[in-house]
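**Student:** Dropping a structure here in structure tokens format, bear with me for questions.
The values are calculated or read from the model by the stated rules, or taken from the named source; none is laboratory data. Since the model is a prediction, treat every value here as computed from it, not as a measurement. Virtual Cβ from ideal backbone geometry, glycine too; neighbours counted across all protein chains shown. Keep in mind that these areas ignore ligands, DNA and RNA; they rest on the heavy atoms of the full protein, side chains included. Shrake-Rupley method; radii C 1.70, N 1.55, O 1.52, S 1.80 Å.
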Amino acid sequence: MPEVNMSVSLAGVALKNPVVVASGTFGFGREYSQFYDLSELGGICAKGLTLHPRTGNPAPRIAETPMGILNSVGLENPGVDAFIEEELPFLRKFDTKVIANISGNTPEEYGVMCEKLSGARVDMIEVNISCPNVRAGGLAYGTRPELAAEVTEEAKKHAGGVPVMVKLSPNVTDITEIARAAEGAGADALSLINTIRGMRIDVNTRRPVLKMNTGGLSGPAVLPVAVRMVWEVSQAVSLPILGMGGVSKGEDAAQLMLAGASAVAVGTALFADPFAPLKARDGLAAIAEKQGLRSVSELTGGVKPW
């Protein structure tokens, strides 16, 4: 039997395989490059960037849960200019796609960052709309369709032809409303899900475990939610989807692809096993081969609902 073709396309961006690493869990790749050649990855979603450097939230800002972690890191990063000058040249040493993740307080900030990153010729821009919107009194862009559309339009206007992928928040009543808004505003792709808002309390001190009280839940516990939301969104829009949330092995990745994702991202699993993305890739290949597929892309949307 011929070898399975592992290449996929995500909004016109050719990935050598469908497994990328999720933003916020891989830093800028330097630490993980000590374990293996980053060219083995389909793509790298770099740590989330803001227009100006951020120190992030005070500790404690990471807490384990039975099936994952809670985090309230607070977008600690060196800023978009430092990324372009210091980190992007390093990532360009590898034969893999570079996806820049950005967060902003105003639509204008998103626009400025897209212009800078477009000029630096990243392969794709992931627009994180799960951020506080100063103009809307602290409401996240990702929770209201009109705000999601506003940011998407601004990003597309300044992206200079670089594909714009909008990252959706699961902390909404109906994620398909936000997905449709992003599609209508010109998004080239969608990524989902971001973390689910959660909380842990120390019963002895009676204080929240995290300094900021609440944080984002990620890890194996959120996989069923991610699969459900990817499936719902894939039915609602025609955009390609980067699925994420709880992926640690090939079967997890296959579930997201069957639900409608064109590619998948591995995040929290990296903290326990740096090789998790490569294992997920190889697991996907084995599943595709066992099912007699010529290309792993044949998994996308292949679920058979009852």
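**Student:** For the stretch 50-70, enumerate the residues that are open to solvent by 40 Å² or more (accessible area, probe 1.4 Å) and under 16 Å from Gly245 (Cβ atoms).
**Tutor:** Met67
**Student:** Kindly list the number of the only condition in (1) in contact (Cβ under 8 Å) with a residue 40 or more places away in the chain; (2) closer than 15 Å to Phe271 by Cα; (3) not hydrophobic (A, V, I, L, M, F, W, C) that fails for Asn57.
**Tutor:** Here Asn57 meets the rest and fails (2).
**Student:** Also, I was wondering about something else. Can you run down the residue pairs with Cβ atoms below 8 Å, 6 or more apart or on separate chains, where the first is in the stretch 189-217 and free of Cβ contacts under 8 Å to residues at least 40 places away in the same chain and the partner is of a type outside the set (Asp, Glu) and open to solvent by less than 30 Å² (accessible area, probe 1.4 Å)?
**Tutor:** Matching pairs, first to second residue: Ile196/Pro170; Ile196/Gly216; Ile196/Ser218; Ile196/Val222; Arg197/Gly215; Arg197/Gly216.
**Student:** Scan the stretch 284-294 and tell me whether some residue there is over 11 Å from Val19 (Cβ atoms), assigned to a helix (DSSP H, G or I) and not hydrophobic (A, V, I, L, M, F, W, C). Walk me through it before giving the result.
**Tutor:** From the stretch 284-294, those over 11 Å from Val19 (Cβ atoms) are 286-294; that's our starting set.
Subset that is assigned to a helix (DSSP H, G or I): 286-290.
Okay, now just the ones that are also not hydrophobic (A, V, I, L, M, F, W, C), so 289-290.
Within the stretch 284-294, one or more residues are over 11 Å from Val19 (Cβ atoms), assigned to a helix (DSSP H, G or I) and not hydrophobic (A, V, I, L, M, F, W, C).
**Student:** Which residues, counting only those in the stretch 184-207, are open to solvent by less than 70 Å² (accessible area, probe 1.4 Å) and either closer than 16 Å to Ala265 by Cβ or among the basic types (Lys, Arg) (or both)?
**Tutor:** Ala189, Leu190, Ser191, Leu192, Ile193, Asn194, Thr195, Ile196
**Student:** Considering only the stretch 80-132, how many residues are under 20 Å from Glu146 (Cβ atoms), under 20 Å from the mean Cα position of the chain (by Cα) and polar (S, T, N, Q)?
**Tutor:** Adding up the residues that qualify gives 4.
**Student:** Now for a different question. Which ranges mark the helices (runs of 4 or more DSSP H) fully within the stretch 207-274 that have 3 or more residues being in contact with a strand residue (DSSP E or B) (Cβ under 8 Å, 6 or more places away or on another chain)?
**Tutor:** 223-236, 250-259
**Student:** Scanning the stretch 165-203 for residues that are among the acidic types (Asp, Glu) and touching a strand residue (DSSP E or B) at 6+ places or on another chain (Cβ under 8 Å), which turns out farthest from Ile44 (Cα to Cα)? I'd like the intermediate steps shown before the answer.
**Tutor:** The first filter runs over the stretch 165-203 and keeps only residues among the acidic types (Asp, Glu), leaving 174, 177, 183, 188, 202.
Restricting the remaining residues to those that are touching a strand residue (DSSP E or B) at 6+ places or on another chain (Cβ under 8 Å) gives 183, 188, 202.
Numbers: Glu183: 23, Asp188: 18, Asp202: 36 Å.
Within the stretch 165-203, the match that is farthest from Ile44 (Cα to Cα) is Asp202.
**Student:** While we're on this one: When you go through Leu223, Leu270, Leu256 one by one, which is the residue that is over 30 Å from Pro60 (Cα atoms) and either surrounded by fewer than 23 Cβ atoms within 10 Å (Cβ to Cβ) or modelled with pLDDT of 95 or more (or both)?
**Tutor:** Step by step, each of Leu223, Leu270, Leu256 is checked, and only Leu256 is over 30 Å from Pro60 (Cα atoms) and either surrounded by fewer than 23 Cβ atoms within 10 Å (Cβ to Cβ) or modelled with pLDDT of 95 or more (or both).
**Student:** If a residue has to be closer than 16 Å to Leu10 by Cβ and open to solvent by less than 10 Å² (accessible area, probe 1.4 Å) to count, how many in the stretch 141-178 make the cut?
**Tutor:** 5
**Student:** Of the numbered conditions (1) within 27 Å of Leu239 (Cβ to Cβ); (2) open to solvent by 30 Å² or more (accessible area, probe 1.4 Å); (3) touching a residue at least 60 places away in the same chain (Cβ under 8 Å), Lys47 fails exactly one; give the number of that condition.
**Tutor:** The failed condition is (3).
**Student:** For the stretch 80-108, what are the residues that are over 25 Å from Ala189 (Cβ atoms) and crowded, with 16+ Cβ neighbours inside 10 Å?
**Tutor:** none
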